[in-house]
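Here the structure comes first, spelled out in structure tokens, and everything after it is commentary.
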Amino acid sequence: MVKKKRINFQELILKLHRYWADQGCVLVQPYDLEVGAGTFHPETFFRALGPDPWKVAFVQPSRRPTDGRYAENPLRTQHYYQYQVILKPAPPDVQDLYLQSLETVGIRLKDHDIRFVEDDWESPTLGAWGVGWEVWLDSLEVTQFTYFQQVGGINLEPICVELTYGLERIAMFLQEKFNLFELDWNDKVSYGDVHKEREIEYCGYHFEKSNIELNRQLFQKYEEEASRLLRQEKLLFPGYDMVLKLSHLFNVLDARGAIGTAERASFIGKVRGLAKQCAELYLEKNNLIKS
Amino acid sequence: MRQPLLIEIGVEELPNGHLKLAVEHLKKSLPEAFKKARLGFEGLEIYGTPRRLVISIKELETRQLSQEIQVVGPAKAAALDAEGKPTQAYLGFLKSQKAADKEVSFREIPSKKGEYLVLERKISGKNTINLLPDLIREQIANIPFTRKMRWGPLQFSRPIRWLLVFFGDKSIPLVLGSVCSSNVTYGHRLLHPKPVRVKNIPDYFKKIEQFKIILSPEKRRQMIRQELKKENPFFKEEGYQDLIEEVGNLVEIPFFFKGKLSHHFLELPEEVLAASMAKYQRIFALRKKTGKLKPTFLAVLNGKPKDLNGVRRHYEWVLNARLVDSLFFFKEDQKLSKGDTEILGSELNALKEVDFYKGLGTLYDKSFRLEKLCQEIVEKDLRWDREKRISVQQAAIYSKCDLLTKMVYEFPSLQGVIGHYYVLLDKALQNRLHRDEKLTEITIHALARAIEEQYYPRGAGQPIPETMEGAILALADRLDTLVGFFGIGIYPTGSEDPFGLRRAATGIIRILLEKKIPLSIDNLIDRSISSYSSSLNPAALENSQELRQKVSEFLRERLAIQLREAFGSTGLVEAVLSSEIGHVADLLNRLSQLNQALNEPYFQQAAKVQERTQNIVRAAKGAMDHSGVREDLLVEGPEKELWRAFGVCRQQAEPLMNKGEYQQATKIYGTSLYEPIHIFFDQVLVNTENEEIRKNRLKLCSEIYTFYASRIADLSQFKGS
């Protein structure tokens, strides 16, 4: 029997890069602020708007404070890596392209049970939503597959498709290792070697130690600054950075249990309002009509 | 001539709800469309899998039925001049209708007077083949998906990727957005990914069979049910229907396999295990004959994977990881219970932060309103003993606490169930209740049970609460909701009922009827209204008189619907509902007894008495005051006799009515008054000139009518079978 060469975590990323580069995607780098998903990257958020075609792929480290489990859960962490692909316009054979990418990285499709299970993804803070699926590989979600319909509250024309791979999960199938921290990062170093200590500390921070008062004040200050940059200075990208900071602060406060149910809607509304302003400003600056 | 029609719409995976909707919609809209197009057809079947919608018609006319049209033109007088020659009106009509002279003639028109110039034409039908493209396009565009997506020029549930249209042996060209129909189809995504040419309609079905694809959603569901029954012959479908339907619509080729559940997780409540398995992996928890969970699950895959062992290993591993999470939540929730700290008790104060609804206070307020409401009912109306009373009151206080637990956050459908478990796991709470309220273990179990049962019935056809504590709490909760929303002016409309008020009302009626609880609707409403005014944070509810009436009407509507379902629409239900309702259980008793007596002669007699007295009374509305019948004003023989007979009847029937022996009471009423009332109406003029005597006679009729109608039923409304 031929022993399957284990594809380690960094190999997986290289293979995906190669595959999508071959499809004509621009390989950009991860965004350098705390974000909850690749959707927040300006390459997704802004490129989705307007009529210009665009193809991009990148790794995005994503932070979701409420998902932390002190490194005790084999599957869930407050930080993980997404592989994000945006194809605009959505190609007619995108499902096949996606499945082919899995085959290319080493998932032998016929060995598995693959399902497209209804899931209409939405980000309330970004005013973005789409229609699509979770892709299940043997009952585990490994990718979010979304045809975006709106971003920043604006209808997209043409629409784009977003493929968001959960890299750790795909790696688990490739390596037959079902604990995240035990994954081979490369031939010498494990995922846990790189991330375990960080994971535990961050969980402690998010659930127990973050400074609520400070974060509330920061939220307020960034909110004011966002408004100033967008409304007065018409500085789109610095303004958008503020929105990202607000979104992350919301997540941190939320994980800390500092946001009451009544307040929640109000926080989300504020961030969404500013995201909408960003989208509108983008269209304005690019002389595009708001559709 | 007729030919078969086949349409296959190939799509990217349709959501379960959309697939279901599309199939149901097309089943109705296609026949309508064909009828409108005057195309006869037979043998319509609609199939659906996640990747295709299939419309199959065994026989469809190849040509529209021809139409005979008739267009009416000018009247003869205007169409012909004095010499009988065609006028401008005549010629103008021919021109406008592009008609030849031989196509028109003069006819009598039934709705008009005289003769008119009429054009009669036979329009031969178009060929179906020419009508199909537009018809199909329209049908596809009109499927009312709750959410459509755009991916190009079209909108649909999910992108359409291929089209197959065959009429007879011909493949019909049809363009939909950027998709052109052709004569190829596709099999399972991985097993048969390449396009496959289809020769004709029988060939299509043959290929589908070769692909092992099951086109019919019902057939796939059947296969799943069968497989579940194989595992456990006593398998009960309740609670599994939704999962079976969804899982059926996630596959084209159902393939079954079983896997193991680690014993480690059996410490979790069964409901949590089943909910986690259903939610995260769409797999089925299996039960033994005893009802206990097996450490095994059943999964339905889409086709057989090459590495089945690998897939099984993965499923088991994922199950493990998910249950680690559930166990985490379970333990986190119970972490709150340290020493004297109670699990649910800790959440009670937090309920002050959670709104029930704007204007109706918080969940904390609601919990204490429920306590008060339950207390009033069980103390004043039902007169329960102390321990049972305290049990339901405490259940009310803790009834909403589980809504803040991590477990319910993760599995919202488990609200109530989690509360039940957490009471039983909460030693601190139990000790306190034992110490302060002197509750025994049995009562505490009843309390816990009530917290779960407050949500019963969970839907139409689902069971009502089993325990009385659960029933009272379930009633109180729904009343509080109904009275609250109505009180701030929120009512269900014809198409929208976002707060489930109809469901709440139906639940109240079902519980009162099926548990035969001796409580009156109006009394319950009053108690609920007063619990709002005396609560810690009184809500500003509408005027209570009006409110009580609105809620009462709403509940009566539901009551009528429920009763009609059981007793039919003969008018008997309406007759009984027109009387004073009192206890709903008593109402049911009256209905049952009368229903059995429908063919008895005494029933017919009683109905006649009611009918005749009611007629008179209705005609004389307003002419009466509230004073009683005056014996001294009874002058004629028959009216004196009627009064005497009525006196005897009242004496005998009243105690029977009080005991709930309505058949007997009806017998007395019918037999003793039938003859006298007829003689009275035959021989006595009610509307005599003498006003005092006239009023007295009306009062006599009115009392006879009211005696029965207010206590039992207004039989004048009964139409008969």
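The values are calculated or read from the model by the stated rules, or taken from the named source; none is laboratory data. It should be emphasised that the depicted structure is a prediction, and the values quoted were computed from it without experimental measurement. Note that each Cβ is placed from the backbone with ideal geometry, even for glycine, and that neighbours are counted across all protein chains shown.
Among the candidates B:ALA713, B:ALA606, the residue that is in a loop (DSSP other than H, G, I, E, B), in the same structural domain as B:GLU580 (by TED's automatic domain parsing) and touching a residue at least 24 places away in the same chain (Cβ under 8 Å) is uniquely B:ALA713. Looking at region A:173-189, can you tell me whether even one residue there is assigned to a strand (DSSP E or B) and at the interface with chain B (Cβ under 10 Å from one of its Cβ atoms)? Among the residues of region A:173-189, not one is assigned to a strand (DSSP E or B) and at the interface with chain B (Cβ under 10 Å from one of its Cβ atoms), which makes the answer no. Is there a residue being in contact (Cβ under 8 Å) with a residue 60 or more places away in the chain and either at positive phi or under 37 Å from the mean Cα position of the chain (by Cα) (or both) anywhere in region B:107-118? So far as region B:107-118 goes, no, none of its residues is in contact (Cβ under 8 Å) with a residue 60 or more places away in the chain and either at positive phi or under 37 Å from the mean Cα position of the chain (by Cα) (or both). Just one of the listed residues (B:GLU8, B:GLU12) is surrounded by 13 or more Cβ atoms within 10 Å (Cβ to Cβ), away from chain A (no Cβ under 14 Å) and under 30 Å from B:LYS199 (Cβ atoms), and it is B:GLU8.
In the list A:ASP22, A:ASP52, A:ASP32, A:ASP93, which residue meets the criterion of being more than 20 Å from A:LEU140 (Cβ to Cβ), within 14 Å of another protein chain (Cβ to nearest Cβ) and surrounded by fewer than 17 Cβ atoms within 10 Å (Cβ to Cβ)?
A:ASP93
Just wondering, is there one or more residues in region A:150-158 that are within 14 Å of chain B (Cβ to nearest Cβ), among the polar types (S, T, N, Q), out of contact with any Lys or Arg (no Cβ under 8 Å at 6 or more places or on another chain) and crowded, with 20+ Cβ neighbours inside 10 Å? The answer is no; no qualifying residue exists. Just checking, which of B:ARG389, B:ARG458 is basic (Lys, Arg) and not in a helix (DSSP H, G or I)? One residue alone meets the criteria, B:ARG458.
The number of residues in region A:222-263 being touching a helix residue (DSSP H, G or I) at 6+ places or on another chain (Cβ under 8 Å), of a type in the set (D, E, K, R), part of a helix (DSSP H, G or I) and surrounded by 14 or more Cβ atoms within 10 Å (Cβ to Cβ) comes to 4. Selection of region A:122-138 for residues being away from chain B (no Cβ under 12 Å), crowded, with 20+ Cβ neighbours inside 10 Å and in a loop (DSSP other than H, G, I, E, B) yields A:THR125, A:LEU126, A:GLY127. Among the residues making up region B:171-183, those that are free of Cβ contacts under 8 Å to residues at least 24 places away in the same chain and either under 23 Å from A:LEU109 (Cα atoms) or within 14 Å of chain A (Cβ to nearest Cβ) (or both) are B:VAL179, B:CYS180. On inspection, A:TYR165 qualifies as touching a strand residue (DSSP E or B) at 6+ places or on another chain (Cβ under 6 Å), away from every other protein chain (no Cβ under 13 Å), of a type outside the set (S, T, N, Q) and buried (at least 21 other Cβ atoms within 10 Å of the Cβ).
Annotation: B:TYR186 fulfils all but one of (1) surrounded by fewer than 18 Cβ atoms within 10 Å (Cβ to Cβ); (2) within 13 Å of chain A (Cβ to nearest Cβ); the unmet one is (1). Kindly establish whether B:ARG694 is assigned to a loop (DSSP other than H, G, I, E, B) and either touching a strand residue (DSSP E or B) at 6+ places or on another chain (Cβ under 7 Å) or modelled with pLDDT under 90 (or both). No, not satisfied.
Applying a threshold of 8 Å to beta carbon distances and a minimum spacing of six or more residues, or different chains, the list of pairs starting in region B:547-560 at a residue that is surrounded by 20 or more Cβ atoms within 10 Å (Cβ to Cβ) and β-branched (Val, Ile, Thr) and ending at one that is assigned to a helix (DSSP H, G or I) and at pLDDT 90 or above reads B:VAL551/B:LEU482; B:VAL551/B:VAL483; B:VAL551/B:PHE486; B:VAL551/B:ILE525.
Please count how many residues of region B:658-680 are farther than 23 Å from B:VAL617 by Cα and of a type outside the set (Ser, Thr, Tyr).
Of the residues in that region, 6 qualify.
So, in region B:193-206, of the ones that are assigned to a helix (DSSP H, G or I) and surrounded by fewer than 18 Cβ atoms within 10 Å (Cβ to Cβ), which residue ends up farthest from the chain's Cα centre (by Cα)? Taking the candidates together, the pick is B:ASP203.
Checked against (1) in contact (Cβ under 8 Å) with a residue 12 or more places away in the chain; (2) within 14 Å of another protein chain (Cβ to nearest Cβ); (3) out of contact with any strand residue (DSSP E or B) (no Cβ under 9 Å at 6 or more places or on another chain), A:GLN277 passes all but condition (2).
Here is a check on your reading of the model: is A:ASP113 within 21 Å of the chain's Cα centre (by Cα) and at the interface with chain B (Cβ under 8 Å from one of its Cβ atoms)?
So A:ASP113 fails the test.
When B:ARG312, B:ARG220, B:ARG287 are checked against the criterion of being in contact (Cβ under 8 Å) with a residue 12 or more places away in the chain and within 26 Å of B:GLU45 (Cα to Cα), a single residue qualifies: B:ARG220.
Specify the residue that is surrounded by the fewest Cβ atoms within 10 Å (Cβ to Cβ); the eligible residues are those in region B:130-151 that are in contact with a strand residue (DSSP E or B) (Cβ under 9 Å, 6 or more places away or on another chain) and within 14 Å of another protein chain (Cβ to nearest Cβ).
For region B:130-151, the residue satisfying everything is B:ARG147.
Of the strands (runs of 3 or more DSSP E) that lie entirely inside region B:2-81, those containing 1 or more residues that are more than 34 Å from the chain's Cα centre (by Cα) and small (Gly, Ala, Ser) span B:67-75.
Given the residues B:ASP355, B:ASP381, B:ASP385, which is the only one that is without any contact (Cβ under 8 Å) to a residue 60 or more places away in the chain, acidic (Asp, Glu) and closer than 27 Å to B:ARG458 by Cα? After ruling out the rest, the residue left standing is B:ASP355.
Here is a yes/no grid of residues against (1) among the small types (Gly, Ala, Ser); (2) buried (at least 18 other Cβ atoms within 10 Å of the Cβ):
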site	(1), (2)
B:LYS260	no, no
B:ALA274	yes, yes
B:LYS304	no, no
B:LEU319	no, yes
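Let's see how each residue does on (1) modelled with pLDDT under 90; (2) over 29 Å from the mean Cα position of the chain (by Cα); (3) in the same structural domain as B:PRO463 (by TED's automatic domain parsing); (4) among the hydrophobic types (A, V, I, L, M, F, W, C):
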| position | (1), (2), (3), (4) |
| --- | --- |
| B:GLN155 | no, yes, no, no |
| B:GLY187 | no, yes, no, no |
| B:LEU228 | no, no, no, yes |
| B:GLU245 | no, no, no, no |
| B:LEU250 | no, no, no, yes |
| B:LEU261 | no, yes, no, yes |
| B:GLU267 | yes, yes, no, no |
| B:VAL272 | no, no, no, yes |
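Tell me, which strands (runs of 3 or more DSSP E) wholly within region B:229-344 include 3 or more residues that are within 27 Å of B:ASN16 (Cβ to Cβ) and either within 12 Å of another protein chain (Cβ to nearest Cβ) or of a type in the set (Asp, Glu) (or both)?
Filter on region B:229-344 gives B:254-260, B:293-302.
Counting the residues of region B:153-170 that are in contact (Cβ under 8 Å) with a residue 40 or more places away in the chain and part of a strand (DSSP E or B) gives 10.
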